[in-house]
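Peer 1: Sharing a structure, written as structure tokens. Questions coming.
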Amino acid sequence: MLATLEKAKAGQPFDHEYRITRPDGSIRWIWDRWFPIQDKTMKVIRYVGVASDITERKQAEEALYRRELELRTALSEIQTMKDQLEVENLYFRQEIKRRHQFDHILGQSDGLKYVLYRAEQVAPMNTTVLILGEIGTGKGLIAAAIHDMSPRKDRPMITVNCAALPAGLIESELFGREKGADHVHSLSSTVRTLEETERKQILKILSETRWRIEGNDGAATILGLHPSTLRARMHKLGILRGETKEPD
């Protein structure tokens with residue numbers, strides 16, 4: 001309103017919006033546009049103008065504004081629901097994973113429950129885990145369970161069967177190779193230890209299978225090796241078949 005008065009005093013054109021209440025109680029919006037009339041001395045002697053009823057435009061603007069508020073409120077509610085669903089979805093995924101993370105491990109014994117409890121404890125930690133156990137007791141399953149519960153679960157789990165590695169490849173498989181470096185001396189004791197472990201393992205399986213190499217219950221099948229591969233490993237490790245052992 002003050003800006004309109006200032007323009008009128010300065011002899012400039014101006015416009016103005018206002019509303020009136022009619023005798024029947026209805027409200028009408030009016031828009032005025034005024035232009036100055038000057039005499040020869042450029043003095044404003046009067047104003048002429050035009051008035052328009054803009055009630056319908058105002059009503060449309062108000063309806064649009066209300067609709068915009070309703071849409072903003074609806075979008076805010078949708079965003080709130082979306083955030084809530086994401087939180088609930090994350091919770092349910094974690095709950096389902098917690099309940100079913102050991103589905104592939106069957107057993108109800110106290111010993112197994114203690115092993116799974118320790119696996120849950122160590123999984124979040126950034127440390128090396130040593131799993132000990134006889135062949136076929138499920139060390140690989142426990143290792144996979146620890147990996148699935150660890151912060152590294154989204155990365156692939158790389159497994160290496162050290163017992164099946166030839167001595168000449170242990171260095172490159174476990175430590176990699178650096179051109180010009182000599183790791184032979186530093187790994188000699190490690191290789192001997194692994195070979196001795198493999199030798200004891202093969203002798204144990206051969207003893208349990210009465211030195212049968214081939215067949216469904218043979219040593220090669222138990223060790224997961226081809227019979228010819230097993231014979232080659234036996235020869236390299238100096239494992240000789242005794243004369244009193246049963247032939248294949």
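Peer 1: For segment 115-159, run through the trypsin sites (Lys or Arg not before Pro) and keep only the ones in DSSP coil with at most 16 other Cβ atoms within 10 Å of their Cβ. It would help to have the intermediate numbers written out before the result.
Peer 2: On the way: sites: Arg118, Lys139, Arg152, Lys153; in loops: Arg152, Lys153.
Here the sparse-neighbourhood loop sites are Arg152, Lys153.
Peer 1: Ok, one more. Just flag the trypsin sites (Lys or Arg not before Pro) in segment 5-59 sitting in loop per DSSP whose Cβ has no more than 14 other Cβ atoms within 10 Å. Show your work: numbers first, answer last.
Peer 2: On the way: sites: Lys7, Lys9, Arg19, Arg28, Arg33, Lys40, Lys43, Arg46, Arg57, Lys58; in loops: Lys40, Lys43.
Passing both the DSSP loop test and the Cβ count: Lys40, Lys43.
Peer 1: Sorting Leu90, Leu206 on the 10 Å Cβ count, fewest up front, what's the list? Walk me through the numbers on the way to the answer.
Peer 2: Numbers: Leu90 10, Leu206 22.
Least crowded to most crowded, the residues run Leu90, Leu206.
Peer 1: Counting pairs of alpha carbon atoms under 8 Å apart in space and at least six apart in sequence, what relative contact order in percent does segment 105-159 give?
Peer 2: Values: 24 pairs, mean separation 20.4, N = 55.
With pairs under 8 Å counted, the relative contact order is 37 percent.
We did not get these values from a lab; they are worked out from the coordinates using the rules stated. Computed from a predicted structure; not experimentally measured. Using ideal geometry, Cβ is built from the backbone for each residue, glycine included, and neighbour counts are taken over all protein chains shown.
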